[in-house]
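The values are calculated or read from the model by the stated rules, or taken from the named source; none is laboratory data. Note that the coordinates shown come from a computational prediction; the quantities given were computed from them, not determined experimentally. Cβ placement follows ideal geometry from the backbone for every residue including glycine, while neighbour counts extend to all protein chains displayed. These accessible areas exclude ligands, DNA and RNA; they are computed on the full protein's heavy atoms, side chains included. Shrake-Rupley method; radii C 1.70, N 1.55, O 1.52, S 1.80 Å.
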Amino acid sequence: MIDVIEAVKKADPSLGPYVLVLRGDARALAAPDRLTPEAQAWIDANAPGGRLVQVDVMLSPYPGAAPAPRSLSVAALADSRQLAAFATAWTADPFEDEDETPAA
């Protein structure tokens, strides 16, 4: 994954050092180039200046394979705290309510 982040930073240095590549099925994404309204509201409230961009890079699908073009959804944030908070809020699996009784 570090290679992917480095490829993103090299492809678009204007993003800064705090980037998070989102999987296509990330809860934060409404589409590859658009956050859900809830995720955008979270960015607006908690990470001013944060943005979602599409970055085109060349990546190998596995070690030793020829690189192929890929378009990645990337969240660019202002600092490490914003990146950590966004990742926690939008890439982790949501917690189940602790008040719910487990099914027997």
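Assorted remarks:
- Residue in segment 13-30 that is loosely packed, with under 11 Cβ neighbours inside 10 Å and assigned to a helix (DSSP H, G or I) present: yes
- Among residues of segment 34-67, those that are open to solvent by 70 Å² or more (accessible area, probe 1.4 Å), over 24 Å from ARG81 (Cβ atoms) and in a strand (DSSP E or B), counted: 4
- Failed item, numbered, when ILE2 is tested on (1) in contact (Cβ under 8 Å) with a residue 40 or more places away in the chain; (2) among the hydrophobic types (A, V, I, L, M, F, W, C); (3) open to solvent by 80 Å² or more (accessible area, probe 1.4 Å): (1)
- Filter result for ALA47 (of a type in the set (Gly, Ala, Ser) and modelled with pLDDT of 95 or more): yes
- When PRO102 is tested against (1) modelled with pLDDT of 95 or more; (2) out of contact with any Asp or Glu (no Cβ under 6 Å at 6 or more places or on another chain), just one condition goes unmet, and that condition is (1).
- Among the residues making up segment 47-64, those that are touching a helix residue (DSSP H, G or I) at 6+ places or on another chain (Cβ under 6 Å) and within 14 Å of LEU77 (Cα to Cα) are ALA47, GLY50.
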